[in-house]
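Trainee: Got a structure for you, written out below as structure tokens; questions coming shortly.
The values are calculated or read from the model by the stated rules, or taken from the named source; none is laboratory data. The shown structure was predicted, so the numbers you read here are calculated from the model rather than taken from an experiment. Neighbour counts are summed over all protein chains in view; Cβ atoms, including those assigned to glycine, are modelled from backbone coordinates with ideal geometry.
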């Protein structure tokens, strides 16, 4: 399977979002990444539930919701009828991650859990890792786009590979933050199968979108 590329719509032209979505039609192994922030769990406020609903009505591309919020349970129920493919919440935002994972599975095809750069992989129990479809490893501090990639992410990815082999469990590994053509191939070699990129894909305008997506796979 090809590496999945997930452009973060946070970096697109929001005044022309329907047109922005259309520039990516026909690409395979491709998701749109939705960074939903509440201004409390992270120091930034992005778009909320009404915008997510509108996006879901304007594209057939699989939608990947990344909840950087203090109340992921509320968002899970409010967005359950939008046809979202993946729902990822932060490990640090949930008092009972395993129970929330089980609840998310009732409404979404894929459930992910995300960890901040300072959260060790060892914080995640075997039961949690055996229950998820996706592990989102933040390679910048969540909250703002355009940050530089944290190099220590590679050691975390190596640890994840060893855990997957030790317990014979399988889940998609996604990395978000500072991803570009300069580190994509190294990330893939470290076991990443889903790359989130915002600034890198959108910064040079629509004429380069497809080229940028393809460059992350090469």
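Trainee: Do we find that residue 175 is touching a helix residue (DSSP H, G or I) at 6+ places or on another chain (Cβ under 9 Å), at pLDDT 95 or above, surrounded by 12 or more Cβ atoms within 10 Å (Cβ to Cβ) and not in a loop (DSSP other than H, G, I, E, B) in this structure?
Mentor: In short, yes.
Residue-wise test of (1) surrounded by 13 or more Cβ atoms within 10 Å (Cβ to Cβ); (2) in contact (Cβ under 8 Å) with a residue 24 or more places away in the chain.
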{"residue": "68", "(1), (2)": "yes, yes"}
{"residue": "76", "(1), (2)": "yes, yes"}
{"residue": "81", "(1), (2)": "no, no"}
{"residue": "149", "(1), (2)": "yes, yes"}
{"residue": "155", "(1), (2)": "no, no"}
{"residue": "167", "(1), (2)": "no, yes"}
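Listed here are the residues, each with its yes/no results for (1) assigned to a helix (DSSP H, G or I); (2) free of Cβ contacts under 8 Å to residues at least 40 places away in the same chain; (3) in contact with a strand residue (DSSP E or B) (Cβ under 9 Å, 6 or more places away or on another chain).
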position	(1), (2), (3)
107	no, yes, yes
113	no, yes, yes
118	no, yes, no
130	yes, yes, no
136	no, no, yes
159	yes, yes, no
164	yes, yes, yes
180	no, yes, yes
185	yes, yes, no
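Trainee: Select from segment 29-46 the residues that are part of a loop (DSSP other than H, G, I, E, B) and either in contact with a helix residue (DSSP H, G or I) (Cβ under 8 Å, 6 or more places away or on another chain) or modelled with pLDDT of 95 or more (or both) and list them in ascending order.
Mentor: The first filter runs over segment 29-46 and keeps only residues part of a loop (DSSP other than H, G, I, E, B), leaving 29, 39-44, 46.
If the condition is that a residue be part of a loop (DSSP other than H, G, I, E, B) and either in contact with a helix residue (DSSP H, G or I) (Cβ under 8 Å, 6 or more places away or on another chain) or modelled with pLDDT of 95 or more (or both), then 29, 41, 46 are the ones that fit.
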